[in-house]
Structures are given as C-alpha cells and as structure tokens.
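Have a look at the structure below, then the notes.
The values are calculated or read from the model by the stated rules, or taken from the named source; none is laboratory data. Model, not experiment: these values are computed from the prediction. Note that we place each Cβ from the backbone using ideal geometry, even for glycine, and neighbour counts take in every protein chain shown. Protein only, heavy atoms only, side chains kept; ligands, DNA and RNA dropped before computing areas. Shrake-Rupley method; radii C 1.70, N 1.55, O 1.52, S 1.80 Å.
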Amino acid sequence: MGDQPPEVRQAVAASAAAAAVRRVIPLPAEAGAKLWTMLVGTLCVILLGAVGCLLYAALNKMETDMLFTVFSSSLSGLIGLFVPPPAGQSDGGA
C-alpha cells in the first residue's frame with residue numbers, strides 16, 4: 001500500500017474500520033431494523049430506570065431485590081441483542 005496515493009489509503013482504512021465495527025456490533029437485517037431499534041431503546045430506558053431506582057432504594061435503605069432482578073434481566077436482554085446468532089457458525093464437527 002505504500003505506493004498508493006493518500007486518497008486510496010484513506011479509503012481502505014475507512015473501509016477496514018467500518019468492517020471492524022460491523023463485526024463488533026452486528027446490525028439487524030433491513031426488515032427487522034425498526035423493531036430491533038425500538039427494542040434496544042426500550043431496554044435502555046428500562047435499564048436506566050432500574051439503575052435510578054436501585055440508587056434511590058440503596059440510599060434510603062429500602063429493599064432492592066426486585067429492582068436488581070429488573071436490572072439484571074434488562075441488561076442480559078440488551079446484551080443478547082448485540083450477540084451474533086450462532087446460525088452462521090459451525091458446531092465443530094459431529
């Protein structure tokens with residue numbers, strides 16, 4: 001790549017960076033993009049609300065068991081939406 005003009009090198013670098021982001025956070029198919037976005041937004045709101053309620057309850061020495069359940073469930077659901085599906089992966093034999 002050393003003999004290429006700077007414009008080509010910048011384009012290759014930008015393409016590689018975009019490909020790396022797509023591998024880290026898989027985006028949904030075009031058909032489900034709106035539903036996926038709504039679900040992620042809703043889970044983020046629930047997660048932030050649970051964190052706020054947990055802090056309030058902890059500072060006022062209140063029971064936090066139910067709030068922790070809401071927090072952990074919404075966090076695991078949100079993380080699950082960013083994990084790529086195993087359909088494209090091989091099971092290693094058998």
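Are there any pairs, at least 6 apart or on different chains, whose C-beta atoms fall under 8 Å, with the first in segment 69-81 and within 15 Å of residue 41 (Cβ to Cβ) and the second open to solvent by 40 Å² or more (accessible area, probe 1.4 Å) and in a helix (DSSP H, G or I), and if so, which?
Qualifying pairs under 8 Å: 74/46; 78/44; 81/36; 81/39.
Let me spell it out: the conditions are (1) part of a loop (DSSP other than H, G, I, E, B); (2) within 30 Å of residue 32 (Cβ to Cβ), and residue 63 meets all of them except one. Which number is the exception?
(2)
Within segment 30-57, can you find the residues that are at pLDDT below 70 and in contact with a helix residue (DSSP H, G or I) (Cβ under 9 Å, 6 or more places away or on another chain)?
Result: no residue meets the conditions.
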